[in-house]
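Before any comments, here is the structure.
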Amino acid sequence: MSLRTDVCTNEATRMDVTDIPEEAYDGAESPPDLTELESPETLLKDGPTRERLLDVITGLRTPTKVSEIADLADCGTETARDYLAWFDEMGMVHRHDGRPVRYERNDAYFQWRRIDRLRDEYSEQEIVDLLADTLDEIDAYRTQFDAADPNDVSLVDASQDRATEDAWEALSEWKTLEQRAALLDAARRDHPPSGSTPSHIDA
């Protein structure tokens with residue numbers, strides 16, 4: 001079995017490169033000292049406060065008040081404020097000054113960590129092979145729907161000759177492949193994806 005086939009059948013199925021890696025949250029920084037902010041019972045409820053806040057911020061697509069974030073993470077407002085300041089220093093969130101201060105996730109940070117994970121887990125040639133196969137799958141969808149981009153395809157039109165659910169799943173998979181190709185291309189080029197279509201690769 002060739003390296004390319006082995007990578008595609010084993011490694012690619014083992015990890016979805018569009019997922020947020022667990023190590024995105026690792027770092028040398030220490031979290032705020034919470035011993036004076038919350039009781040041990042509160043800290044242990046539904047898992048560590050830090051992990052609950054991380055779960056919340058990964059879903060913040062719009063600027064959100066600290067009090068709302070604290071409610072979602074089931075922790076005190078001051079605890080959330082301290083952690084959010086720490087996350088801001090790490091680049092994981094954007095701080096929007098004002099009254100009140102609001103925070104949202106920093107997509108660029110998580111994108112960078114995905115790319116960094118790819119470079120760490122795959123060799124340069126494996127990344128090239130994965131990108132080539134991903135682009136082949138994208139080309140198949142472009143031919144199937146006679147369009148250059150999944151956003152150019154109407155779900156109504158795509159459902160004319162197939163079940164609506166099947167059309168939706170196909171278009172969703174196509175969008176995922178486009179995201180995957182951008183990440184793989186960025187890992188190959190050693191810079192973050194700019195949103196442009198990956199260029200020809202030298203396998």
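Details
- R95 being touching a strand residue (DSSP E or B) at 6+ places or on another chain (Cβ under 7 Å), free of Cβ contacts under 8 Å to residues at least 40 places away in the same chain and closer than 30 Å to T77 by Cα: yes
- Total residues in region 98-119 satisfying the condition of being within 14 Å of the chain's Cα centre (by Cα) and not in a strand (DSSP E or B): the figure is 13.
- Filter result (within 23 Å of the chain's Cα centre (by Cα) and not hydrophobic (A, V, I, L, M, F, W, C)) within region 126-151: E126, D129, D133, T134, D136, E137, Y141, D149, P150, N151
- Within region 120-163, the set of residues being loosely packed, with under 12 Cβ neighbours inside 10 Å, outside any loop (DSSP other than H, G, I, E, B) and among the hydroxyl-bearing types (S, T, Y) comprises T143 only.
- Residues (assigned to a loop (DSSP other than H, G, I, E, B) and under 17 Å from the mean Cα position of the chain (by Cα)) located in region 68-97: G91, M92
Since every read-out is calculated from the coordinates, none of them should be taken as a lab result. These numbers were taken from a predicted model, which means no experiment stands behind them. Note that we place each Cβ from the backbone using ideal geometry, even for glycine, and neighbour counts take in every protein chain shown.
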